[in-house]
Each structure stands twice: as C-alpha cells, then as structure tokens.
Amino acid sequence: MAGPLRGVRIIEMAGIGPGPFCGMMLADHGAEVIRVDRPGRQAPEPVLGRSRRSIVVDLKSPDGVAVVRDLAKTADGLIEGLRPGVMERLGLGPDVLLADNPKLVYGRMTGWGQTGPYAHAAGHDINYIALAGALHAYGRAGDKPTPPINMVGDFGGGGMLLAFAMVSAILHARGTGEGQVIDCAMTEGAAVLMGMIWGFRGLGAWKDERGVNLLDTGAHFYDSYACADGRYIAIGSIEPQFYAELRRLTGLDADPAFDAQMDQAQWPALKEKLAALFATQPRDHWCRLMEMTDVCFAPVLSMAEAPSHPHNVARGTFGEVGGMVQPMPAPRYSATATAMPTPQPAPGADTDALLAELGYDEGRIAALRASGALGR
C-alpha cells in the first residue's frame, strides 16, 4: 500500500470494533497489515477490515502458534484486543514474541487496561467512557447521559490512540532497536479526549453537569435546530464576529435580547427564540442563507446524504470499495499520498502466499493444513 507507513508490517490478531479500526488506520496509511483469523470465524466489519492480508491459523494448535511466532519475527508490530492473559495462555505473550524479535512493538488494547481492579471484567464502550468521567458530560440538561454511539471509547480513545502509539513506538524501535509493550486502555483514552474540558473545569469555566455549558448544547449559539421540514441545522457561532454574522443574516441584530451572548442566565430564553425562528423555514432555506459564511453553519446530513454533498464530493471524502460506500483514508499527505483502499479479504485468502514468504515449502504447508493448524 502507498502512504507514509509503507514498509511497516503489522500483525493483527482478529477482533471486533477498535482492533480492526486500529488496523484500518495503519493500513490506510500504507502499512502492510496481516490479519490472523481463526478457523470458522467470519471476517470482521467490512469497512474496518479493508486493505489487509489474511491468514487463518488455529491458535489452539502448537503448529498454528508457531506460524504466528514466525510471522511476528518479520513484523514491526503486533496488535491484539483480547482480555489480559489470553495471549500468554496461547503462548504468544509479549515475553515470548519480544524474545523472538527484540524490535517488536506489542500493542495491547482493552477497555480497562492490563492492570487494576476492573482489568479482567467484561465491558463495552458505554462502560469505559462512564468510568472515565466522559459519559456524564454527554446529553441535554435534565436528561440522562447519552452515549455518542461508540466513538469516544472504542474508536477515539482505543483504536485511534493505539494506532498513534504504534507509530510512536515503531519510530523508537527503529532508532534504538528496542521494542516494547503498549498498554492502551480505552478508559484512559476517553479521559485524554476530555483534556480540554478538564482544563475548562480547572479554570472554573465548566459546570460538572450536562447541557448547561458552552459546548454541550447549553448555549443558544452552539446547538442543532429543527427546521420546518423536520431536518436539522448545526450552529457554532462562538466567537463575537461569528455571532454577529449569525444575528445579521437571521435578522436578530435588531433584537437587543441577543446582545447578552455570554450571559448564561439568558441562554434558555434565547434558545427558544432561535428554535422558533429556524422552525419557520425548511433546511434548504437556511443553507442558502448561511452555508459557506462565517456563521459557523452546516446542515446536519444523514449518512445517506453526506457522500453527495458538494464539499464532500470535491474533497473525495467518501468513495466506493467493493460495492460499499465508505469514508476514504484521512488525513491527506502532500508527498506520500495514500492509495485507494482494497476490499476486505476473505479469511485465509493469503495463507499460502504468506507461508511461502516465510520460507515454508509446499510439503510443510500441506502438512500444516492436514494437521488442522491452518483450520479445516
């Protein structure tokens, strides 16, 4: 694959959600990512599983474990998202693989981390962001906490942070010859993503309650609003000059009540006025009036709408891979452009080729297959 990570080889122990997302990010940016699939398991999510190679290995077989060890000897990194201790019980723990390959970066991602009272408990994104103090902040005033799908724990605080850590540690390994183990906990990643809010709180500029603050729908000038046709628009007119443009284009500059932009006591009443105004016209009306202005405005697009919006079309934000519309690799590079993603491979599609690259001859591959080490 083309991209700035061309020449980096990553072994990905197959999983769901944040693990494949980490692998996708690395593959999108040029790394060769080899997914180790288990016999009888379906391929993971099709978008997250794109641009891979796949080998099927039975990790309960000593010969299958030996194959993974041989693969890891050729790799810059390995990523896994199993519960603490599982890889060790398989004979593929970091002590074993780093002894085989001292430059290996061993990336471990779990919800709670490798240590601590919760380390061995089951959980999902909603639980991780709850413990991190993040979920408490998401939602409207007077309503219960609302998880932002699973973007913050699984993907932002988990997969994305692990991808960043893998690249950081691989740079270190290439400079020093020293591999290491990464303990990526989604609770800690979710906490890090709240860094600015913790700063606001420390300065006394953020109340520890939902829906009453500058960026959590408390402010009338930072929220989404329903239009006459039932569709929505998003307003983010924080800075005074942007707020002034909002007032000018909507005619609200004639209403002195809106002079009190930062008076939090006035926010609920001003929000009611804005809501009533935006409900008088369909979304297209407000787009014609405010799109591409300094109001800080955008229509709230559905997944069906977003790929065909002119800005997204001009940027190539979305494309079709294997007959499925999906987001394209981001961000962009001026000198090491990324390639168009390739469809997710079927489990085991590259098994024989990868084994041949490791130096296994046809007889040995046939024996492994006959023994069930490569699945049946």
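The values are calculated or read from the model by the stated rules, or taken from the named source; none is laboratory data. Note that the structure is predicted; figures quoted are calculated from it, not measured. Cβ placement follows ideal geometry from the backbone for every residue including glycine, while neighbour counts extend to all protein chains displayed. For accessibility, only protein heavy atoms count, side chains too; no ligands or nucleic acids. Shrake-Rupley method; radii C 1.70, N 1.55, O 1.52, S 1.80 Å.
Before moving on, here are some points about what is shown:
- When the stretch 320-334 is filtered for residues that are open to solvent by 90 Å² or more (accessible area, probe 1.4 Å) and either touching a residue at least 60 places away in the same chain (Cβ under 8 Å) or in a loop (DSSP other than H, G, I, E, B) (or both), the ones remaining, listed by number, are 332, 334.
- If only residues of the stretch 317-357 that are out of contact with any strand residue (DSSP E or B) (no Cβ under 9 Å at 6 or more places or on another chain) and among the hydrophobic types (A, V, I, L, M, F, W, C) are counted, the one that is farthest from residue 67 (Cα to Cα) is 335.
- Helices (runs of 4 or more DSSP H) enclosed by the stretch 158-233 - at least 2 residues per element that are farther than 30 Å from residue 121 by Cα and open to solvent by 50 Å² or more (accessible area, probe 1.4 Å): 161-176, 195-202
- Count of the stretch 67-119 residues which are of a type in the set (S, T, N, Q) and closer than 23 Å to residue 17 by Cβ: 3
- The residues on offer are 300, 313, and the sole one that is open to solvent by 50 Å² or more (accessible area, probe 1.4 Å) and touching a strand residue (DSSP E or B) at 6+ places or on another chain (Cβ under 6 Å) is 300.
- Total residues in the stretch 131-147, condition closer than 17 Å to residue 184 by Cα and part of a helix (DSSP H, G or I): 1
- Residue within the stretch 247-264 that is more than 17 Å from residue 213 (Cα to Cα), within 31 Å of the chain's Cα centre (by Cα) and at pLDDT 95 or above present: no
- Residue match in the stretch 274-296 (condition: part of a helix (DSSP H, G or I), within 30 Å of residue 338 (Cβ to Cβ) and without any contact (Cβ under 8 Å) to a residue 12 or more places away in the chain): no
- Residue 102 vs. criteria more than 24 Å from the chain's Cα centre (by Cα) and closer than 30 Å to residue 132 by Cα: no
- Of all the listed residues (318, 297), the sole one being under 16 Å from residue 249 (Cα atoms) and within 29 Å of the chain's Cα centre (by Cα) is 297.
- There is at least one residue in the stretch 340-352 that is free of Cβ contacts under 8 Å to residues at least 40 places away in the same chain and closer than 24 Å to residue 13 by Cβ.
- Hits in the stretch 361-376 (condition: in a loop (DSSP other than H, G, I, E, B) and in contact (Cβ under 8 Å) with a residue 24 or more places away in the chain): 372, 373, 374, 375, 376
- Here residue 276 fulfils each of the conditions (1) within 30 Å of residue 305 (Cβ to Cβ); (2) open to solvent by 80 Å² or more (accessible area, probe 1.4 Å); (3) hydrophobic (A, V, I, L, M, F, W, C) apart from (2).
- Test set (1) among the β-branched types (Val, Ile, Thr); (2) over 30 Å from residue 45 (Cα atoms); (3) in a helix (DSSP H, G or I) - residue 238 fails condition number: (3)
- Number of residues in the stretch 4-14 that are open to solvent by 30 Å² or more (accessible area, probe 1.4 Å) and closer than 20 Å to residue 93 by Cα equals 1.
- Matching residues in the stretch 123-157 - criterion: being open to solvent by less than 70 Å² (accessible area, probe 1.4 Å) and aliphatic (A, V, I, L, M): 129, 130, 132, 134, 135, 137, 141, 152
- Residues that are farther than 18 Å from residue 280 by Cβ, without any contact (Cβ under 8 Å) to a residue 12 or more places away in the chain and surrounded by 13 or more Cβ atoms within 10 Å (Cβ to Cβ) within the stretch 240-265 comprise 244, 260, listed in sequence order.
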